[in-house]
Amino acid sequence: MNILVLNCGSSSLKFQLIATDLERIANNKDARLAHGQIERIGGAGIVTLIADGKTSHRSATPVRDTKSAVETVVRWIASETSGIDEIKSLADIHAIGHRVVHGGERFRQSVLITEEVLCGIEDCIELAPLHNPANIKGILAAREIFGGIPQAAVFDTAFHQTLPEKAYLYALPYQLYRRHKIRRYGFHGTSHRYVAYRYRTILNLPREQVNVITLHLGNGCSIAAIKGGNSIDTSMGLTPLEGLVMGTRSGDLDAAIIEFISSKEGLTVQEVETLLNTQSGLLGISGLTNDMRELLAEANESGDRRARLAIEIFCYRASKYIGSYLAAMNGAEAIVFTGGIGENSAEIRRLICERLSWLGIELDAQLNESFTGGREGVIGADAARLKVYVIPTNEELLIARDTARLIGESKPSG
Ligand code: AMP
């Protein structure tokens, strides 16, 4: 089955075309046929289309809206110039899987999209006002272009719906939860679920025996405590702002700081929130960049003090979270690094793990250095009580698999 995975943002569209035939997946072979993105939708348009191992196309072409963006992608996939042998026409794309950011308390797992589901995603707009409307636009655009083929929604929040009350409730007046559903939802759920699944596949463990702490360290960062295969705590909250230090987000802070900045700097609450989301984190501390690779180069090669400080704060916060999740879980078997930073930076992994030697973490320095560019496996010393893994994430593959599974389940058997 060929599944088009769409991740629609407010001004961008990312896609992957994935073949989910069972043989390739069983061998964990790369099932991706094509991928790419369209940026600056509604403006100049930067189009990148890549047929894996075959062709690539880059251009600056104005793209009016989300529907035009999806059309651009689909027209290219089905064209001869793309060189994708598996797709001769639209009919060879069998289903669409959408990444949907917020599923609130309603969506605990991936679902096939019906009118009712669409209303449910709309109801969650107030929880994710920037993201869910863009996801809905993508669903409607695909529906117009493809007619009635199955579409599935895979939610960033769904995996964390197993959090117990004590982990998801804030210590606020309870009626705020009742009235407005203010609680911890958590994000990056598809990534945490994927690496937990890979972990148990590598170790050949039943799901109930998966007790790990997963760290998704990319431009956005979050950490999850996974006990008995379920997420029992995670660092992002009502929105993705809470938790670890990120590229441009502050992560945890004293809530009173918002009023303080507002009055000192003459900013509205909305403006302070934008500052916390877009001008803080690694970028805010260093004053240089939100890009960890650049920051490491500045710190190591130019000896930039604030670049070093940003890295230190980033790693310190991550180590503290690991310690607290070990307490929340009453121990774990392993920690797992993923995301652009987690998969590629031996230095960041080392700095985070250094502070945890007391807990039994021991990195094999040489092994750690050798893990970049998609390598999967263990980087801790064999005897360590708490193992350390690097597992590259693949949210799109999970979205494609969920979509294929849901279609299989919806077909009458016999
Ligand atoms: P993501 O959002 O998962 O694509 O991750 C993006 C982040 O990963 C950026 O901060 C990149 O600088 C960082 N990154 C990618 N490769 C490396 C690397 N080799 N060393 C350090 N950071 C990296």
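Within the range 324-335, one or more residues are aromatic (Phe, Trp, Tyr) and at pLDDT 95 or above. Where residues in the range 358-388 are in a helix (DSSP H, G or I) and either under 19 Å from Val212 (Cβ atoms) or at pLDDT below 90 (or both), which of them is nearest to the ligand (Cβ to nearest atom)? Taking the candidates together, the pick is Asn368.
For the range 251-266, the set of residues classified as open to solvent by less than 30 Å² (accessible area, probe 1.4 Å) and away from the ligand (no atom under 16 Å from the Cβ) consists of Ser262 only.
Pairs are defined by a Cβ separation below 6 Å, a sequence spacing of at least 6 or placement on different chains, a first member in the range 367-395 that is at negative phi and touching a residue at least 60 places away in the same chain (Cβ under 8 Å), and a second member that is open to solvent by less than 10 Å² (accessible area, probe 1.4 Å) and within 12 Å of the ligand (Cβ to nearest atom); the pairs so defined are Ile391/Thr338; Thr393/Ser191; Thr393/Thr338; Glu395/Ser191. Restricted to the range 267-316, and to residues there that are within 15 Å of the ligand (Cβ to nearest atom) and part of a loop (DSSP other than H, G, I, E, B), the residue that is most open to solvent (accessible area, probe 1.4 Å) is Leu288.
Number of residues in the range 228-246 that are in contact (Cβ under 8 Å) with a residue 24 or more places away in the chain, more than 19 Å from Ser319 (Cβ to Cβ) and either open to solvent by 10 Å² or more (accessible area, probe 1.4 Å) or assigned to a loop (DSSP other than H, G, I, E, B) (or both): the value is 8. A single entry from Val101, Val73 fulfils the requirement of being in contact with an Asp or Glu (Cβ under 6 Å, 6 or more places away or on another chain) and open to solvent by less than 70 Å² (accessible area, probe 1.4 Å): Val101. In the set (1) open to solvent by less than 50 Å² (accessible area, probe 1.4 Å); (2) in contact with a Pro (Cβ under 7 Å, 6 or more places away or on another chain), Ile125 fails one condition alone, (1). Within the range 122-129, is even one residue within 18 Å of the chain's Cα centre (by Cα) and touching a residue at least 12 places away in the same chain (Cβ under 8 Å)? Yes.
Scanning the range 317-357 for residues being open to solvent by 20 Å² or more (accessible area, probe 1.4 Å), of a type outside the set (A, V, I, L, M) and part of a helix (DSSP H, G or I) gives a total of 12. In the range 326-352, the residues that are away from the ligand (no atom under 16 Å from the Cβ) form no Cβ pair under 6 Å with any partner that is in a helix (DSSP H, G or I) and of a type in the set (Lys, Arg), whether six or more places apart or across chains. Per the conditions (1) open to solvent by less than 70 Å² (accessible area, probe 1.4 Å); (2) outside any strand (DSSP E or B), the sole criterion not satisfied by Leu49 is (2).
The values are calculated or read from the model by the stated rules, or taken from the named source; none is laboratory data. Keep in mind that this is a model prediction, so the values were computed, not measured. We place every Cβ from the backbone using ideal geometry, glycine too, and count neighbours over all the protein chains shown. Heavy atoms of the whole protein, side chains included, go into the accessibility calculation; ligands, DNA and RNA do not. Shrake-Rupley method; radii C 1.70, N 1.55, O 1.52, S 1.80 Å.
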